Amino acid sequence: MGVLTAADLLPEADQARVKEAIQKAEARTSGEIRVHLDDTIADEVLDHAAYLFEELGMFRTRDRNGVLIYVSAADRRVAVIGDAGINARVPEGYWNDVLALLQEQFKNGRFADGLCLAVERVGEKLRADFPFERGDTDELPNDISFG
């Protein structure tokens, strides 16, 4: 068996499920959620996710309420990063709780389920702190990005 790639981890049908979860979560908040998958990375996962956060322009939201869910497929490493606006509102350890949810699902081979659950959990928090208001626009793409 070869090295696990991002495409192996999340085939097209599962990509559609995750994208739908993002759209559903964002319909109830002004916040933005992105999911990014890489095949593998050489960097420390949090450092690489922070780099991608910048590269994907996630800091450009009006309320600084973007959240990136990052996965390195072959390494099975994950990170969740929130921008300054949402970080100021989440309780201590919140991102670690989202990570634990992802890791538990991944450990059981439920990659799409894990991503959908993480998106839902983040979406609930964003909705509580940044509810959707008339005139809100989708500031970032809802597509899953791959590196």
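Where a number appears in this text, it was derived from the coordinates with a stated rule and is not lab data. Fair warning: this is a prediction, and the values are worked out from it, not measured in the lab. Virtual Cβ from ideal backbone geometry, glycine too; neighbours counted across all protein chains shown.
Checked against (1) assigned to a helix (DSSP H, G or I); (2) under 12 Å from the mean Cα position of the chain (by Cα); (3) surrounded by fewer than 22 Cβ atoms within 10 Å (Cβ to Cβ), GLU20 passes all but a single condition, namely (2). Just one residue in the set LEU46, LEU52 is touching a residue at least 24 places away in the same chain (Cβ under 8 Å) and crowded, with 17+ Cβ neighbours inside 10 Å; that residue is LEU52.
Looking for something touching a helix residue (DSSP H, G or I) at 6+ places or on another chain (Cβ under 9 Å), of a type in the set (Lys, Arg) and not in a loop (DSSP other than H, G, I, E, B) - is there at least one such residue anywhere in region 32-53? Within region 32-53 (the criterion being touching a helix residue (DSSP H, G or I) at 6+ places or on another chain (Cβ under 9 Å), of a type in the set (Lys, Arg) and not in a loop (DSSP other than H, G, I, E, B)), the answer is yes, since at least one residue qualifies. If the condition is being free of Cβ contacts under 8 Å to residues at least 40 places away in the same chain and surrounded by 13 or more Cβ atoms within 10 Å (Cβ to Cβ), then region 106-123 contributes PHE106, ARG110, ASP113, GLY114, LEU117, ARG121. Can you run down the residue pairs with Cβ atoms below 6 Å, 6 or more apart or on separate chains, where the first is in region 128-142 and closer than 22 Å to VAL90 by Cβ and the partner is of a type in the set (Val, Ile, Thr) and outside any loop (DSSP other than H, G, I, E, B)? Partner pairs satisfying both residue conditions: PHE130/THR29; PHE132/THR29; ASN142/ILE22.
Set side by side, the residues GLU26, GLU54 differ, and just one is within 16 Å of the chain's Cα centre (by Cα) and closer than 30 Å to ARG134 by Cβ, which is GLU26.
Within region 16-38, no residue that is without any contact (Cβ under 8 Å) to a residue 60 or more places away in the chain sits with its Cβ atom under 7 Å from a residue that is of a type in the set (D, E, K, R) and assigned to a helix (DSSP H, G or I) at 6+ positions apart or across chains. One residue stands out in region 65-91 among those that are buried (at least 24 other Cβ atoms within 10 Å of the Cβ) and over 19 Å from ALA7 (Cα atoms): the one that is nearest to the chain's Cα centre (by Cα), namely VAL67. Among the residues making up region 54-104, a single one is part of a helix (DSSP H, G or I) and touching a Ser or Thr at 6+ places or on another chain (Cβ under 9 Å): GLY85. Screening GLY114 on (1) under 11 Å from the mean Cα position of the chain (by Cα); (2) more than 26 Å from ALA6 (Cα to Cα) shows it passes everything except condition (2).
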